[in-house]
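Below is one structure, written out as structure tokens; comments come after it.
The values are calculated or read from the model by the stated rules, or taken from the named source; none is laboratory data. Fair warning: this is a prediction, and the values are worked out from it, not measured in the lab. We place every Cβ from the backbone using ideal geometry, glycine too, and count neighbours over all the protein chains shown. Just so you know, the surface numbers come from the protein's heavy atoms only, side chains and all, with ligands and any DNA or RNA stripped out. Shrake-Rupley method; radii C 1.70, N 1.55, O 1.52, S 1.80 Å.
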Amino acid sequence: MMEKSLIEQKYSDIESNLKHIREEIAEAAVKSGRKPEDIDFMAVTKTVDEMYINHALDSGITLIGENKVQELLRKKPNLKLDGVRKNLIGHLQTNKVSQIVGEVDMIESVDSLKVAKEIGKQSVKKGLVTDVLLEVNIGREESKTGFMPEAVDESLCEIAQIEGIRICGLMTIPPICEKTTELCKFFENIYNMYVDIDSKKIDNVYMKTLSMGMSSDYVPAILSGSNHVRIGSKIFGPRIY
Ligand SMILES: *Cc1c(COP(=O)(O)O)cnc(C)c1O
């Protein structure tokens, strides 16, 4: 008998990984008092070849995330995107905004007032409103982009007034933590911010999406209140840059 080809092997790995992740998401959702379908499951497709992304799409993925504008635009025509949402999740440079507005369903990585203003400007130019999340640097790390926790309230109010933008929630990448309890503190801090902002009923601010949780921590993230997880390597295997 012929050995299964590497591609076929990878296809079947993707399927079983998706199945396993869906089960864990469902379990964590129920444990935290929600339904499995309340959790948005994003496949993070950076560095992944289009044929494998399409296999994930054929296997039921309806939300994908890319980090880089150029990579996203290059891959887009080759993907089976009917009924699939695509979000930008990486740092966005102001000079790339005009290329990405209108090409994605959401920009999750708004990390400055400057980039928000440019997104608004380009959106108005194209006659549309762009959904965004504010990225919060919940661990106050030098190495990360995002608003410092104490600056979120003020920035949010400023950004909410920009025409062409709709704030739909918050996104974060927590610091690397040795203990899950330590990690959950960060998740719980941002969850509390999210609930608090929602209760203020600010015009043009809709706290619908709390985007946190990646391959290594999506279960604790969901248990801490995430409703949108971004998972890459656990679906597609280690990234080769
Ligand atoms: C790469 C990336 C992910 C996915 O990371 P994995 O650990 O492979 O799941 C999630 N969010 C952002 C912003 C990323 O850049």
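Here are the numbers for the structure shown:
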quantity	calculated
So Ser226, is it within 19 Å of Leu18 (Cβ to Cβ), open to solvent by 80 Å² or more (accessible area, probe 1.4 Å) and of a type in the set (Ser, Thr, Tyr)	no
Long-range neighbours under 6 Å by Cβ, at least six apart or interchain, first residue touching a residue at least 24 places away in the same chain (Cβ under 8 Å) and in a loop (DSSP other than H, G, I, E, B) within the range 161-174, second among the hydrophobic types (A, V, I, L, M, F, W, C) and away from the ligand (no atom under 14 Å from the Cβ)	Ile162/Ala116; Glu163/Val124; Gly164/Val124; Gly164/Val129; Pro174/Phe186
Count of the range 169-185 residues which are open to solvent by 30 Å² or more (accessible area, probe 1.4 Å), within 23 Å of Asp40 (Cβ to Cβ) and within 14 Å of the ligand (Cβ to nearest atom)	1
Selection from the range 14-45 of residues that are under 22 Å from Ser109 (Cα atoms) and either in a strand (DSSP E or B) or aliphatic (A, V, I, L, M) (or both)	Ile39, Asp40, Phe41, Met42, Ala43, Val44
Every residue from the range 91-131 that is of a type outside the set (D, E, K, R), surrounded by 19 or more Cβ atoms within 10 Å (Cβ to Cβ) and closer than 14 Å to Thr145 by Cβ	Leu92, Ile107, Ser109, Val110, Val115, Ala116
Scan of the range 44-74 for residues that are open to solvent by less than 40 Å² (accessible area, probe 1.4 Å), more than 15 Å from the ligand (Cβ to nearest atom) and not hydroxyl-bearing (Ser, Thr, Tyr), ordered by number	Glu50, Asn54, His55, Leu57
Residue that is farthest from Ile165 (Cα to Cα) [pool: residues in the range 187-241 that are assigned to a strand (DSSP E or B), more than 9 Å from the ligand (Cβ to nearest atom) and under 15 Å from the mean Cα position of the chain (by Cα)]	His228
Residue check for Glu15: at pLDDT 95 or above and open to solvent by 70 Å² or more (accessible area, probe 1.4 Å)	yes
So Met42, is it in contact with a Gly (Cβ under 9 Å, 6 or more places away or on another chain), within 18 Å of Ile14 (Cβ to Cβ) and hydrophobic (A, V, I, L, M, F, W, C)	yes
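Condition check ((1) of a type outside the set (Gly, Ala, Ser); (2) closer than 20 Å to Lys234 by Cβ) across all residues:
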{"position": "Phe41", "(1), (2)": "yes, yes"}
{"position": "Lys76", "(1), (2)": "yes, no"}
{"position": "Leu81", "(1), (2)": "yes, no"}
{"position": "Ser112", "(1), (2)": "no, no"}
{"position": "Lys117", "(1), (2)": "yes, no"}
{"position": "Asp131", "(1), (2)": "yes, no"}
